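Here's the structure we're looking at; comments come further down.
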Amino acid sequence: MSKTNKSSLSILLRGIIAENPVLVLVLGTCPTLAQTGSVISAVGMGIAATAVLVCSNVVISLLRRAIPDTVRIPCYIVVIAGFVSVVQMLMNAYLPALYDMLGVYLALIVVNCIILGRAEMFASKNSVGASALDGLGMGIGFLLTLFVMATIREVLGAGTFAGIKIPFLINYNFPILKSPPGGFFVFGCMIAAVNTILKKRGKPVREKAGCEGCPSFAACEGKFDESVGKDARGE
């Protein structure tokens, strides 16, 4: 595999675990908690957000040299809002049941921190191809997280999968997992599992998460290094 192909594959795959937007960067938590009570709504939200993420990344990358730095955030929001409107209209026309299920959270994709964050941190600084791959990778990571979390909550909380009853679980489930506290519990367990995986791979979670691109990186770097040192010493 050539160096270019390896780089492209790295950009695509890092959003799944190493820089998972929900479990590592902890972005987009509102739709994650709100739409994972059902597998159908979780998959619908994941696909809609992925489509907006890829399209907005491409357009913002194309216009990155034309957008003045002083108004870049409003411009990004306008681009994102345009694609969200398209997704809303298509879903309302062809998937009205799913459109009603997602409700206000579909429109709130406009202010989803994952999409705006990737526009600011990646698409505005990289080529169109790389930005498309980054959007696709982050979208897949978001979709997979919602799917896994929704599967756990719906199967164990209601004894169903995508609305289909599971005979041996329908009378043996934990309804609390379908409630907000249950959502927070599953969310916390998944974050803990991913953090454990990243630590076992031998690099700090900060490096895996690409924190170097964060505006606050310089301010918190010393505090992070100090805490890592304490952990290494077993304190």
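Derivation of every value follows stated rules applied to the coordinates shown; laboratory data play no part. Every value quoted in this text rests on a predicted model; they were computed, and no experiment measured them. Counting neighbours? That spans all protein chains shown, and the Cβs are built from the backbone with ideal geometry, glycine included.
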> Hey, what do the phi angles of segment 54-65 turn into as Karplus ³J(HN,Hα) couplings, whole Hz, using 6.51/-1.76/1.60 and θ = phi - 60°, x for Gly and Pro?
Replying inline: 5, 5, 5, 4, 5, 5, 5, 5, 4, 9, 4, 8
>> Net charge around A193, counting only other residues with Cβ within less than 14 Å of its Cβ (Lys, Arg = +1; Asp, Glu = -1)?
In response: +3
> What is the pair-distance distribution P(r) of segment 3-202, computed from all Cα-Cα distances in 10 Å bins starting at 0, with each bin given as a whole percent?
Replying inline: 9, 33, 33, 19, 5, 1
> Mean separation of Cα pairs under 8 Å and 6+ residues apart, divided by the residue count of segment 3-202: what relative contact order is that in percent?
Replying inline: 34 percent
> Computed FRET efficiency, Cβ-Cβ of N92 and R201, R0 45 Å: what is it to the nearest 0.05?
Replying inline: 0.55
> Can you list the HN-Hα couplings for segment 169-185, worked out from phi with the Karplus curve (6.51, -1.76, 1.60; θ = phi - 60°), rounded to whole Hz and with x for Gly and Pro?
Replying inline: 10, 4, 9, 10, 9, 10, x, 4, 5, 7, 8, x, x, x, x, 5, 5
>> So, R0 is 45 Å and r is the distance between the beta-carbons of I164 and S127; what FRET efficiency does that work out to, to 0.05?
In response: 0.55
>> Quick check: residue separation of I176 and V148 times 0.36 nm, minus the Cα distance between them. What number comes out in nm?
In response: 8.4 nm
> Sorted by mean Cβ packing within 10 Å, highest first, what order do the peptides 62-75, 90-103, 24-37 take?
Replying inline: 24-37, 90-103, 62-75
>> Check which residues have an amide H placed less than 5 Å from F161's amide H, if you skip close sequence neighbours.
In response: I166
